[in-house]
Amino acid sequence: MVEVPSTRYVKSDDVYIAYQVVGDGPLDLTFVPGFVSNVEAMWQSSHRSRFFRRLASFCRVILFDKRGTGMSDRGSQIFTLEQRMHDVQAVLNEVGSDRAALFGISEGGPMSLLYAATYPERTSALVLYGCYAKRSWSPDYPFGWKDEQWTRVLDNFRHHWGTPQGVSATMWAPSIAGDAHAQEDMAAYFRASASPGAAVAIMNMNREIDVRHILPATRVPTLILHRTAEHVLDVEHARYMARHIPGAKLVELPGEDHVPWFGDQDAILDEVEQFLTGRRPAHDPERVLATVLFADIAGSTARAAMLGDKSWRELLEAFYARVHEILLQYRGREISTSGDGFLATFDGPARAVRCASAIRDRVRALDLEVRCGLHTGECELVGNDIAGIAVHTGARVAAIAAPGEVLVSQTVRDLVAGSGLVLEEYGTYTLKGVPNEWRLFRAAA
């Protein structure tokens with residue numbers, strides 16, 4: 001597990017706002033989250049934690065959950081931009097920040113704009129990613145959502161919130177659409193961030209947002225970032241803001257993902273770092289050859305619904321206790337856990353396959369089946385996390401595995417020749433987002 005920073009609380013009006021402070025750079029940066037967030041759950045994913053640790057490498061990053069979401073006081077009523085702006089003020093006062101840059105993503109953009117226009121003396125800069133000034137369609141704003149799209153999204157939230165169907169990856173993060181583990185992680189993050197009622201209330205508030213009139217009054221240095229092919233907000237939203245905010249800099253980036261930590265997050269973070277510090281980092285990451293193991297519990301959603309929260313939590317604790325014991329036995333390094341799955345690395349591919357097989361066999365005593373996928377390749381070390389195409393390949397292999405199966409790439413099969421492992425031909429597959437076709441093999445029971 002990635003180490004989670006301490007969560008603290010400050011009272012704003014009549015509610016308590018949860019916040020964290022990460023890093024000790026010379027510049028304060030307040031991250032204004034999008035739709036929903038959870039300051040503790042965000043560290044349970046290597047994608048999210050890498051994003052925020054990179055920000056913390058050049059700033060003191062101030063994170064918070066907006067009222068009604070995450071670790072802050074909950075509620076299903078609609079909260080105003082003005083209330084949330086006061087929450088930011090309360091957090092900044094509490095941490096002793098007289099002047100900070102604001103980094104607003106998606107729904108966090110309008111509130112960041114309102115804050116910057118209202119308190120320019122306390123705003124050193126403004127960064128907007130995947131944002132908008134108005135959310136809904138009108139004759140003079142033709143790229144907003146029309147009523148039928150609002151109805152479709154709100155109905156989906158009401159009936160499927162907290163499931164991969166309710167937070168469709170094809171819409172929010174197409175790059176993980178073929179990765180069941182990543183989709184469940186995103187769904188779990190949304191569950192931890194808001195209830196269905198709160199999610200619907202927030203979207204109804206977004207439906208009414210219109211801050212176009214304050215754009216000309218935004219007088220702080222402003223950077224606008226937007227991926228040109230993303231599926232949630234048309235890039236015309238960004239172009240509109242750039243035309244109406246004096247001196248704003250617009251950078252259009254390739255990519256389909258609305259969620260910033262999926263896809264090429266470094267392209268976003270490089271622009272942010274250069275804008276705020278005046279320097280663009282020279283990337284020279286530490287790399288190492290490793291075998292990555294992805295595993296998750298098959299049928300976890302249905303099992304959790306059948307058992308109930310308490311029993312499911314107890315079963316997960318027993319599962320992870322057994323996994324940790326087996327990883328220790330085979331000298332595996334746990335990188336992260338997420339809901340019902342985990343990622344681990346090994347410096348030997350044969351031990352990795354044996355470890356995966358042992359986990360598969362031993363958790364059956366808990367009446368659980370796991371899916372495992374392994375690949376060996378060069379990984380980028382990012383603090384306690386790993387990144388790179390080898391990690392994506394391992395995740396894609398795991399997504400193909402059926403319950404009770406341990407699948408490995410041909411790279412692993414070739415490297416364990418002579419080890420005595422029995423690896424059966426499984427077929428040739430195209431792995432989403434990974435070049436070429438891949439022969440996969442199944443470890444015999």
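The values are calculated or read from the model by the stated rules, or taken from the named source; none is laboratory data. This structure is a prediction, so every number in the text was calculated from the model and none was measured. Cβ sites come from the backbone with ideal geometry, for glycine too, and all protein chains shown count toward neighbours. Accessible surface is based on the protein model in full, side chains and every heavy atom, while ligands, DNA and RNA are left aside. Shrake-Rupley method; radii C 1.70, N 1.55, O 1.52, S 1.80 Å.
Among the conditions (1) over 25 Å from G339 (Cβ atoms); (2) at pLDDT below 95; (3) touching a strand residue (DSSP E or B) at 6+ places or on another chain (Cβ under 8 Å), the only one that R50 does not satisfy is (1).
Scan region 34-93 for residues that are of a type in the set (S, T, Y), open to solvent by 20 Å² or more (accessible area, probe 1.4 Å) and in a helix (DSSP H, G or I) and report the count.
1
Comparison of L63, L81, L55 shows that the only residue that is closer than 26 Å to M205 by Cα and at pLDDT 90 or above is L63. Identify all residues within region 230-265 that are among the aliphatic types (A, V, I, L, M), in contact with a helix residue (DSSP H, G or I) (Cβ under 9 Å, 6 or more places away or on another chain) and more than 26 Å from P120 (Cα to Cα); write none if there are none. Scanning region 230-265 gives V232, L253, V259. Pairs linking a residue in region 380-403 that is more than 20 Å from A443 (Cα to Cα) to a residue that is open to solvent by 30 Å² or more (accessible area, probe 1.4 Å) and acidic (D, E), with Cβ atoms under 8 Å and 6 or more positions apart or on different chains, are E380/E286; L381/E286; N384/E3; I386/E380; A387/E380; G388/E378; G388/E380. When the test is whether a residue is open to solvent by 30 Å² or more (accessible area, probe 1.4 Å), assigned to a strand (DSSP E or B) and not small (G, A, S), E325 does not pass it. Of all residues in region 383-434, those satisfying the criterion of being β-branched (V, I, T), under 25 Å from S300 (Cα atoms) and open to solvent by 10 Å² or more (accessible area, probe 1.4 Å) are V391, I400.
When N204 is tested against (1) surrounded by 20 or more Cβ atoms within 10 Å (Cβ to Cβ); (2) modelled with pLDDT under 95, only condition (1) is not met.
Would you say S112 is assigned to a loop (DSSP other than H, G, I, E, B) and open to solvent by less than 10 Å² (accessible area, probe 1.4 Å)? Here the answer is no, as S112 does not meet what is asked. Here A305 clears all of (1) open to solvent by less than 50 Å² (accessible area, probe 1.4 Å); (2) within 24 Å of M186 (Cβ to Cβ); (3) not charged (D, E, K, R) except the condition numbered (1).
If you take the residues of region 348-374 that are open to solvent by less than 10 Å² (accessible area, probe 1.4 Å) and of a type outside the set (A, V, I, L, M, F, W, C), which of them is nearest to V323 (Cα to Cα)? Top of the filtered list is R360. The set of residues in region 115-129 being in contact with a helix residue (DSSP H, G or I) (Cβ under 8 Å, 6 or more places away or on another chain) and surrounded by 24 or more Cβ atoms within 10 Å (Cβ to Cβ) consists of Y115, L126, V127, L128, Y129.
Rundown of residues vs (1) closer than 23 Å to A358 by Cβ; (2) modelled with pLDDT of 95 or more; (3) touching a Ser or Thr at 6+ places or on another chain (Cβ under 8 Å), yes/no style:
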site	(1), (2), (3)
G377	yes, no, yes
E380	no, no, no
A390	yes, no, yes
A399	yes, no, no
E405	yes, yes, no
S409	yes, yes, yes
V412	yes, yes, yes
S419	yes, no, no
P435	no, no, no
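If you check V4 against the conditions, is it open to solvent by 40 Å² or more (accessible area, probe 1.4 Å), modelled with pLDDT of 95 or more and over 26 Å from A133 (Cα atoms)? So V4 does not fit the description; no. Taking each residue of region 10-28 that is closer than 24 Å to A125 by Cα and assigned to a loop (DSSP other than H, G, I, E, B) and looking for partners that are open to solvent by 20 Å² or more (accessible area, probe 1.4 Å) and hydroxyl-bearing (S, T, Y) with beta-carbon atoms closer than 9 Å, six or more apart or interchain, yields G23/S57; G25/S57; G25/T277; P26/T277; L27/S124; L27/T277. The combined condition, being open to solvent by 30 Å² or more (accessible area, probe 1.4 Å) and either among the hydrophobic types (A, V, I, L, M, F, W, C) or in contact (Cβ under 8 Å) with a residue 60 or more places away in the chain (or both), is fulfilled by E286. Residues of region 108-118 include at least one that is touching a Pro at 6+ places or on another chain (Cβ under 8 Å) and under 17 Å from A238 (Cβ atoms).
Here is the figure for region 378-436: residues that are out of contact with any Pro (no Cβ under 8 Å at 6 or more places or on another chain) and part of a loop (DSSP other than H, G, I, E, B) total 20. Taken over region 125-141, the criterion of being touching a residue at least 24 places away in the same chain (Cβ under 8 Å) and either at negative phi or over 22 Å from the mean Cα position of the chain (by Cα) (or both) is satisfied by A125, L126, V127, L128, Y129, C131, Y132, A133, K134, R135, S136, Y141.
Residues that are in contact with a Leu (Cβ under 9 Å, 6 or more places away or on another chain), within 20 Å of R371 (Cβ to Cβ) and open to solvent by 50 Å² or more (accessible area, probe 1.4 Å) are absent from region 225-236.
Just wondering, is there one or more residues in region 60-67 that are among the aromatic types (F, W, Y) and either without any contact (Cβ under 8 Å) to a residue 60 or more places away in the chain or in contact with a Cys (Cβ under 7 Å, 6 or more places away or on another chain) (or both)? Yes - at least one qualifying residue is present in region 60-67.
Would you pick out the residues in region 131-173 that are assigned to a loop (DSSP other than H, G, I, E, B), touching a Lys or Arg at 6+ places or on another chain (Cβ under 7 Å) and modelled with pLDDT of 90 or more?
Those that are assigned to a loop (DSSP other than H, G, I, E, B), touching a Lys or Arg at 6+ places or on another chain (Cβ under 7 Å) and modelled with pLDDT of 90 or more: A133, R135, W137, G144.
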